[in-house]
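The values are calculated or read from the model by the stated rules, or taken from the named source; none is laboratory data. The structure presented is a predicted model; accordingly, all values stated were derived computationally and were not measured. All Cβ positions, glycine included, derive from the backbone under ideal geometry; neighbour counts span all protein chains shown. Just so you know, the surface numbers come from the protein's heavy atoms only, side chains and all, with ligands and any DNA or RNA stripped out. Shrake-Rupley method; radii C 1.70, N 1.55, O 1.52, S 1.80 Å.
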Amino acid sequence: MSLTLAALPARAEDDTVERVVAMVEDTPILLSQVQRRAAPYVRQGAPQRDIYNQLVSKLIDERLLSDHAEAQSIRVTTDEIDKALESVAETQDQSVAELLEAVAEATGLSEADYRGELRRTILQYRVLSYEIADLSPDPAVAARQLAEAEQKLMKRLHAEHYVRVHVRFE
């Protein structure tokens with residue numbers, strides 16, 4: 001027993017493992033999530049405080065949207081993410097490997113992080129498309145419809161769910 005105690009730090013409060021920056025219902029949003037998502041922006045010189053605060057709000061919205069999608073049985077498969085990755089690479093006139101290398105070089109995002117971004121984008125589009133009765137084929141009109149639908153949906157989801165921000169970065 002004394003060997004085990006001797007191996008422990010003198011004061012446990014000095015060893016912060018993780019910090020909860022916000023809660024959405026019973027799901028925590030962790031400081032490490034904010035830091036990981038902020039890294040590409042901070043590397044490019046963006047003010048850390050501003051980026052962290054924006055990302056906390058974004059992560060809250062993403063959690064609300066993800067929970068809403070799950071409740072509506074809206075999902076994004078790995079195959080759909082693969083197809084989106086291929087489509088983006090094709091529009092950039094690159095192979096998928098070249099695209100992933102360029103993304104990593106420009107933003108520092110790993111393949112897994114970039115796939116996560118694609119998944120969130122596809123899920124968001126799908127959820128918002130369900131919210132709009134008649135999505136216009138005109139890209140400009142559709143973009144406006146999606147933005148309006150997102151604003152209304154997020155306002156409703158924030159009102160319907162427990163959301164608490166524990167940390168504001170100063």
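Numerical summary
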| quantity | calculated |
| --- | --- |
| Under-5 Å amide H pairs with A22, H placed in peptide plane, nonlocal only | I29, H166 |
| Magnitude of the charge dipole, the chain, Cβ model with Lys/Arg +1 and Asp/Glu -1, debye to 20 | 660 debye |
| With Cα atoms, 0 to 90° folded angle of helix 111-131 axis to the chain main axis | 50 degrees |
| Nearest-0.05 FRET efficiency for A112 and V165, computed from C-beta distance (R0 30 Å) | 0.65 |
| Whole-Hz ³J(HN,Hα) from phi, Karplus 6.51 cos²θ - 1.76 cosθ + 1.60, for the range 89-94, glycine and proline x | 4, 5, 5, 8, 6, 9 |
| Mean ellipticity per residue at 222 nm, deg cm²/dmol - from DSSP H runs of n ≥ 4 across the chain, formula -39500 (n - 2.57) | -22000 deg cm²/dmol |
| C-alpha long axis of helix 31-43 to longest principal axis of the chain, angle in ° | 70 degrees |
| Filtered chymotrypsin sites (Phe, Trp or Tyr not before Pro), the range 72-170: DSSP coil and at most 15 other beta carbons within 10 Å | Y162 |
| Solvent-accessible surface ranking, highest first, for H68, H161 at 1.4 angstrom | H161, H68 |
| Label-zone membership for the range 130-151, site Q72, 7 angstrom Cα→C-beta point, backbone N under 14 Å | 130-135, 146-151 |
| Tensor-based shape of the range 90-170 (alpha-carbon gyration tensor, a/c under 1.5 rounded, otherwise prolate or oblate) | oblate |
| Dipole axis of the chain (+1 Lys, Arg; -1 Asp, Glu on Cβ), positive-most option in V96, Q35, T78 | Q35 |
| Among Y125, A142, I60 - extreme Cα towards positive end, dipole of the chain, charges at beta-carbon | I60 |
| Residues of the chain: accessible area per residue with a 1.4 Å probe, Å² | 67 Å² |
